[in-house]
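Following: one structure in structure tokens, then a few remarks.
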Amino acid sequence: MSDSQPLPYLRRLDMNLLLTFDVLMRTRSATASSALLHKTQPAISRDLARLRRRLEDPLLVVVKGRFIPTERALELHSAVHDALSQIESALRPPEAFDPVKASGVVNIGTGAHSEILLAAPLIERLHRAAPGITLRFQSVHGDFMPDDLDAERLDMAIGLFGKVPARFHRDTLLKDRRVCVVSARHPWAGRGALSLADLPSIKWFAFAHMYGRETNFDRALKPDASRLEFSAYLSGFGITPYVLLDTDYATTMPASVARVHGQHFPLATLELPASLRKIELVMVWPRRLHTSPLQAWLRGQIREVLQERAGDPAAPDA
């Protein structure tokens, strides 16, 4: 075996011999060591003999009925004991997660207006329950892109994602419906609902990341051989209500998001044709973080916030 292989000396050694050696060095007694390790004294003697042959050193010599370590044993034990203690600590089951003691930055990618639903209540929750955690929201757009999760720039992503690679975990957070939103002063504000034939008569805006790309809306319209034409593209979701108030444009969003905007702005919601309503808000995270106590707890907080915030998304019969 070549010493160029990883850990060449450790690979040649039975780790159980180091456990026996550590206990012998601490007790200086085969009898006491056999009791601590639940082994027979002959088994302790065999372990010591094997270790002596492997290291080519007597390690422990008997003087007046007691083991006395050699210089090699003293040198070896200082390293072995610390290493075994660290391994034992790493293998110990984790303590129950306490969010009050948690610290660090959590990076959450948000798309499809989800930050509007999530940010305020989640920030308030964590301020009370986990004050050492800093939330960092980052915009994600369109179809699911795994690069930021793979590169550890994001811990999770939330959006209207369709296909997600099998190497990621996926959870549907919210089943909602897509609605049209306009200013309360818009000429069509009182209609209540739109038909497919109405769609080309409205001025629509979308968002910059959608420019030149097929959207979820386009895919939903395909069976009807229609296409929604946009004449303006905004830089981000946050400016949406301000543009709606000052123009006669329209846009689409989840009904739960429209309700949040409606608490602060004079807007009107119009039901879309049935084929365009169904949407699902999805949370995606990498396998490396699936068992993280902090991440699992935070995912639970996100689910609870959205359940409280979203209400009943069911559309009226139409």
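The values are calculated or read from the model by the stated rules, or taken from the named source; none is laboratory data. Predicted model, so just to flag it, every value in this text is computed and none were measured. Glycine gets a Cβ as well: all are built from the backbone with ideal geometry, and neighbour counts include every protein chain shown. Quick note on the areas: whole protein, heavy atoms, side chains included, nothing else; ligands and nucleic acids left out. Shrake-Rupley method; radii C 1.70, N 1.55, O 1.52, S 1.80 Å.
Before moving on, here are some points about what is shown:
Here is a yes/no grid of residues against (1) of a type in the set (Gly, Ala, Ser); (2) modelled with pLDDT under 95:
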| position | (1), (2) |
| --- | --- |
| 164 | no, yes |
| 175 | no, yes |
| 178 | no, yes |
| 182 | no, no |
| 188 | no, no |
| 193 | yes, no |
| 198 | no, yes |
| 204 | no, yes |
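- Qualifying residue in the range 28-50 (condition: among the basic types (Lys, Arg), open to solvent by 30 Å² or more (accessible area, probe 1.4 Å), in contact with a Phe, Trp or Tyr (Cβ under 6 Å, 6 or more places away or on another chain) and at pLDDT 90 or above): yes
- Note on the range 266-309: among residues that are closer than 30 Å to residue 243 by Cβ and assigned to a loop (DSSP other than H, G, I, E, B), the one that is most open to solvent (accessible area, probe 1.4 Å) is 266.
- Look at the range 20-35: where a residue is free of Cβ contacts under 8 Å to residues at least 60 places away in the same chain and not assigned by the TED database to the domain that holds residue 64, no partner that is aromatic (Phe, Trp, Tyr) and open to solvent by less than 20 Å² (accessible area, probe 1.4 Å) sits 6+ places away or on another chain with Cβ atoms under 9 Å.
- Residue 268 vs. criteria more than 18 Å from residue 114 (Cα to Cα), of a type in the set (Gly, Ala, Ser) and at pLDDT 95 or above: yes
- All positions within the range 55-69 that are among the hydrophobic types (A, V, I, L, M, F, W, C) and either modelled with pLDDT of 90 or more or loosely packed, with under 12 Cβ neighbours inside 10 Å (or both): 59, 60, 61, 62, 63, 67, 68
- Of all residues making up the range 159-213, the number that are assigned to a strand (DSSP E or B) and either open to solvent by 80 Å² or more (accessible area, probe 1.4 Å) or of a type outside the set (S, T, N, Q) (or both): 20
- For the range 257-265, the criterion of being touching a strand residue (DSSP E or B) at 6+ places or on another chain (Cβ under 6 Å) and surrounded by fewer than 17 Cβ atoms within 10 Å (Cβ to Cβ) is satisfied by no residue at all.
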